[in-house]
Amino acid sequence: MGTDELLSQNRANILIVDDVPANLKVLGEILKGEGYLVRPVPNGVLALKVAERTEPDLILLDIMMPDLNGFEVCKLLKENKKVCDIPVIFISALNDTQDIVKALRSGGVDFISKPFQAEEVIARVKTHLQLRYQSKKLVEQSKELQKLIATKDKFFSIIAHDLRGPLGGFMGITELLVEDLSPDEKNELTIELNHSAKALYNLLENLLEWARMQQGQTSFNPGKINLNGLVHECLNAQIDSIRKKEINVDIAISESHEVFADANLLQSIVRNLLSNAVKFTPRNGTIAVSTYLTHHNSTVVIIKDSGIGMKSEMASNLFQLNVNNSRPGTEGERSSGLGLQLCKEFVEKHGGEIWVESEVNVGTSFYFSIPVLGT
């Protein structure tokens, strides 16, 4: 979409600042005639308040005013982070070179001399609005590019580190199996091989789900799901690790509790959060899964463990893609952090929220909300 199309579809909001009512009226009529929204104010103090409250697309600013002059107003605008990027066009009878230079140095982008011509005002306003929209578009594109770069970096990090490590261990076990070992030793290695294969499978499954999500290929087909049954199904996938670490699991969810969700996405959320709890819970620890209902027709699922916990700084960055939060589990289990990113995006796809509470050496509780019924 071109800039002219954007200008026609988005009614620009212009703030006019002048202490002469006749000037406000004439400028207002010119700009309203071009389809702009106009907010006229008679002094600099009010202009600063209105600019911060409404965040206009452009400001036309007189210089000679009784309280704050235009130079002072512009300087204060540029010092305010909320409105500093709004373009300011000075419009004044002070039109010698020194005044124009001072206006531009104080933060103005242009200068119109009084008495002004309507055609000149219209042309300059349109030009700077175009530049404003183009600048916003560039900022948005830059943010999107940074997001894509972070995504790419995470992808290669997983391939180079998180995937390479388990594959190396997997190969190491297979090499040991061909040696002359006792049946007990071979049996132990076979169990380790099975655990390694499951870890690799889960990592690859997350990687593929994440890749599909980034490409917009993740389907979303919500329906009624029995939450208790789904949690037990996900728990069964972790049963070997749970038994090995002798973790006690308590599921306090009604057998008839239903939610409205996409089965595959919800299974991925619960599977990843349970896997995370098992990894960071030591032997003989506990994991509890429970729910409560909100006033907004949602179920909040809580997966709480008695694990190693984390510091508040890590907890606050836990769902950030560009922050490395991976760390080994209590028995060296690998973690890429990708599973939690999937959880966040899948929960948000349902219109829900996910958050975490944690205390070092006490445990961690993950919460996420999901609709109870379709509406």
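The values are calculated or read from the model by the stated rules, or taken from the named source; none is laboratory data. In this text, all values refer to a predicted model and were calculated from it rather than measured experimentally. Every residue, glycine among them, receives a Cβ derived from its backbone with ideal geometry; neighbour counts consider all protein chains shown.
Filter segment 216-227 for residues that are of a type in the set (S, T, N, Q) and surrounded by fewer than 18 Cβ atoms within 10 Å (Cβ to Cβ); which is modelled with the highest pLDDT? Going through the qualifying residues, I end up with Asn226.
Across segment 43-66, the number of residues qualifying as closer than 27 Å to Gln117 by Cα and either part of a loop (DSSP other than H, G, I, E, B) or within 30 Å of the chain's Cα centre (by Cα) (or both) comes to 12. Kindly indicate whether Ile247 is in contact with a Lys or Arg (Cβ under 8 Å, 6 or more places away or on another chain) and aliphatic (A, V, I, L, M). Spelling it out, Ile247 is indeed in contact with a Lys or Arg (Cβ under 8 Å, 6 or more places away or on another chain) and aliphatic (A, V, I, L, M).
Yes/no per residue for (1) among the charged types (D, E, K, R); (2) in a loop (DSSP other than H, G, I, E, B); (3) within 19 Å of Ala51 (Cα to Cα); (4) in the same structural domain as Pro42 (by TED's automatic domain parsing):
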residue: Asp85; (1), (2), (3), (4): yes, yes, yes, yes
residue: Ile100; (1), (2), (3), (4): no, no, no, yes
residue: Phe111; (1), (2), (3), (4): no, no, no, yes
residue: Ala123; (1), (2), (3), (4): no, no, no, no
residue: His128; (1), (2), (3), (4): no, no, yes, no
residue: Arg132; (1), (2), (3), (4): yes, no, yes, no
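Every residue, every condition in (1) at negative phi; (2) surrounded by 15 or more Cβ atoms within 10 Å (Cβ to Cβ); (3) of a type in the set (Gly, Ala, Ser); (4) touching a residue at least 60 places away in the same chain (Cβ under 8 Å), yes or no:
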{"position": "Glu79", "(1), (2), (3), (4)": "yes, no, no, no"}
{"position": "Val83", "(1), (2), (3), (4)": "yes, yes, no, no"}
{"position": "Leu94", "(1), (2), (3), (4)": "yes, yes, no, no"}
{"position": "Ala103", "(1), (2), (3), (4)": "yes, yes, yes, no"}
{"position": "Gly107", "(1), (2), (3), (4)": "no, yes, yes, no"}
{"position": "Gln117", "(1), (2), (3), (4)": "yes, no, no, no"}
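Looking at Ala315, Ala252, Ala263, Ala277, just one residue is farther than 21 Å from Glu357 by Cα, in the same structural domain as Ser365 (by TED's automatic domain parsing) and of a type in the set (A, V, I, L, M), and that residue is Ala263. The set of residues in segment 277-309 being basic (Lys, Arg) and at pLDDT below 95 consists of Lys279, Arg283.
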